[in-house]
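Notes follow once the structure below has been shown.
The values are calculated or read from the model by the stated rules, or taken from the named source; none is laboratory data. Being a predicted model, the structure only gives us computed values, none of them experimental. Ideal geometry is used to build each Cβ from the backbone, glycine not excepted, and the neighbour counts take in all protein chains shown. For accessibility, only protein heavy atoms count, side chains too; no ligands or nucleic acids. Shrake-Rupley method; radii C 1.70, N 1.55, O 1.52, S 1.80 Å.
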Amino acid sequence: MLAGVALAWLRLVPALAGFALFALGGLVCLVASLAALVGLLRGRSVAPGGVVALAGAAVLIAAALPGMGVPRINDFTTDLADPPAFVAAAALAPNVGRSMDYPPAFAAEQRSCCADLRPARLSAPPAEAFARVQAVASAMPAWTVIASDPATGRLEAVVTTRVFGFQDDVAIRVRPAPDGGSVVDVRSKSRDGKGDLGANANRIRAFVARLEERA
């Protein structure tokens, strides 16, 4: 487990490889801790290795808890009918050759777990709203803005997780609201894995909350 975290944090192995080592070590700890608990029930003392295994199993469970009940999808958006498109992100080397379209089948999965995801609604006109979007996105932890186009109301960013170095793509779109003001839609997509342990949905919630708070 420690090797997976350290190698990924130092960027010596790809994020997914580091996470796989972490998960594999955690599963070994889980099996060893169960064996230690069985031995304890039979009257045997727990060896130091058993204590370490219990600690490792606890870390694995704590890491997995945020993903409980979250479907195994890795692309979330505030507009299921017309998700913001990735333009700059699609041209990045890690994304070349892969589809950046929002999978239609994800819509039902997202509704089942994250019906609260919604766009930000600002009273400011689109130009002013976009300036606020740019300011908030630039201040978000671990976000790097890679494209910003006020004329089309489009902003894109790459989010790099601190420990394993996973990179997710974010697309934000600002449009005029029918009743005045602006509507800000957000989409967040992971590059690796089939699931995301709830990271993308939480990222959208955090951004919308900060944007409306600033407004």
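Residues are listed down the side, and each one gets a yes or a no for (1) basic (K, R); (2) open to solvent by 50 Å² or more (accessible area, probe 1.4 Å); (3) under 30 Å from D168 (Cβ atoms):
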| residue | (1), (2), (3) |
| --- | --- |
| W9 | no, yes, yes |
| V13 | no, no, yes |
| V38 | no, yes, no |
| P48 | no, yes, no |
| P66 | no, yes, yes |
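Applying the criterion of being open to solvent by 60 Å² or more (accessible area, probe 1.4 Å) and touching a residue at least 24 places away in the same chain (Cβ under 8 Å) to the residues of the range 50-60, the residue that is farthest from A115 (Cα to Cα) is L54.
Sub-7 Å Cβ pairs linking a first residue in the range 66-84 that is touching a residue at least 60 places away in the same chain (Cβ under 8 Å) and under 18 Å from A206 (Cα atoms) to a second residue that is assigned to a loop (DSSP other than H, G, I, E, B) and of a type in the set (A, V, I, L, M), at least 6 apart or interchain, are P66/L197; G67/L197; V70/L197; F76/L117; T78/L117, ordered by first then second residue.
Conditions (1) under 26 Å from K194 (Cβ atoms); (2) open to solvent by 80 Å² or more (accessible area, probe 1.4 Å); (3) touching a Phe, Trp or Tyr at 6+ places or on another chain (Cβ under 7 Å), marked per residue:
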residue: D101; (1), (2), (3): yes, yes, no
residue: A105; (1), (2), (3): yes, no, no
residue: Q110; (1), (2), (3): yes, no, yes
residue: C113; (1), (2), (3): yes, no, no
residue: D116; (1), (2), (3): yes, yes, no
residue: R121; (1), (2), (3): no, yes, no
residue: P125; (1), (2), (3): no, no, no
residue: A129; (1), (2), (3): no, no, no
residue: A139; (1), (2), (3): no, no, no
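Give the range 57-109 a look and list any residue that's over 28 Å from S148 (Cβ atoms) and charged (D, E, K, R), or say none. Across the range 57-109, the qualifying residues are R72, E109.
If I filter the range 159-174 down to residues being under 20 Å from L117 (Cα atoms) and of a type outside the set (G, A, S), which single residue comes out as most open to solvent (accessible area, probe 1.4 Å)? Filtering the range 159-174 for residues that are under 20 Å from L117 (Cα atoms) and of a type outside the set (G, A, S), the one most open to solvent (accessible area, probe 1.4 Å) comes out as R173. Just to confirm my filter: which strands (runs of 3 or more DSSP E) fall fully inside the range 136-184 and include at least 2 residues that are polar (S, T, N, Q) and within 30 Å of F22 (Cβ to Cβ)? Per the criteria, no element qualifies.
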